[in-house]
Amino acid sequence: QRLFYVRGDATSALDLGRARIDEAVAIFLMADRSSGDHDRQDHLTTLRAFTAKRSNPSIRIFAQVMQPENEPLVLSAGVNKPDIMCMNQMRLSLLGASVAVPGLPTLLLNLVQSISWRQSIMALEWHEEYSEGM
């Protein structure tokens, strides 16, 4: 009933031991979105899924892939289709939904965006200037 965030490499036995993969119920495999090579990231995600399944066959794997055409690779590693999130597909779906529902991207961004307290102070100053005028 607890969540642990362990930063490391899911193909490393040491990192999997730190994450207690043998006792884990689920694992989240996140791709490096800043990487320029999305195919490489998806192949690494597939490799990590294979490693996690080998270490704990009953573990549920949630995987993030960058390209929809690489989804079959992750499926072959034992990840269930509903547990795969494709970033490009989600981005395009959101773009399509924004045509039907104007303002949806802004609403979603405001729901998930977080700012530091310093940024919130600056936002308050801007908001006061905006609401009262110059």
Notebook entry, point to check: Solvent-accessible area per residue for segment 47-93 at a 1.4 Å probe radius, Å²?
Noted result: 54 Å²
Checklist line | Inter-label distance for LEU109 and ASP9, nm, one decimal - labels placed 7 Å from Cα along Cα-to-Cβ | finding: 3.6 nm
Check: Residue separation times 0.36 nm, minus the C-alpha to C-alpha distance between VAL101 and LYS81: what's the value?
Finding: 4.5 nm
Item checked: Rough spin-label spacing in nm, given labels placed 7 Å along Cα→Cβ, for ARG18 and HIS43 -> 2.6 nm
Notebook entry, point to check: Along segment 71-80, what does the Karplus equation 6.51 cos²θ - 1.76 cosθ + 1.60 (θ = phi - 60°) give for ³J(HN,Hα), rounded to whole Hz, x for Gly and Pro?
Noted result: 4, x, 4, 5, 4, 5, 7, x, 8, 6
Check: Using a 1.4 angstrom probe and counting only protein chains, how large is the accessible area of LEU14 in Å², to 10?
Finding: 130 Å²
Check: If packing is taken as the mean number of other Cβ atoms within 10 Å per residue, what is the order of 47-58, 77-88, 30-41, highest first?
Finding: 47-58, 77-88, 30-41
Next item on the list: Might you report the magnitude of the Cβ-based charge dipole of segment 1-58 about its Cα centre, with Lys and Arg at +1 and Asp and Glu at -1, to the nearest 20 debye?
Entry: 200 debye
Check: Which of rounded, prolate, oblate describes segment 1-119, given a ≥ b ≥ c as roots of the alpha-carbon gyration tensor eigenvalues and a/c under 1.5 marking rounded, otherwise prolate only if a/b is larger than b/c?
Finding: prolate
Checklist line | Among HIS38, PHE50, TYR5 - extreme Cα towards positive end, dipole of segment 4-72, charges at beta-carbon | finding: TYR5
Next item on the list: Using a 1.4 angstrom probe on heavy atoms only, work out the carbon and sulfur share of the accessible area of segment 26-83 in %.
Entry: 54 percent
Next item on the list: Using θ = phi - 60° and the Karplus relation 6.51 cos²θ - 1.76 cosθ + 1.60, list the HN-Hα couplings for segment 103-109 in order, rounded to whole Hz, with x at every Gly or Pro.
Entry: x, 4, x, 5, 4, 5, 4
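The values are calculated or read from the model by the stated rules, or taken from the named source; none is laboratory data. These numbers come from a predicted model, not from an experiment. Cβ sites come from the backbone with ideal geometry, for glycine too, and all protein chains shown count toward neighbours. Note: areas computed on protein heavy atoms with side chains; ligands, DNA, RNA excluded. Shrake-Rupley method; radii C 1.70, N 1.55, O 1.52, S 1.80 Å.
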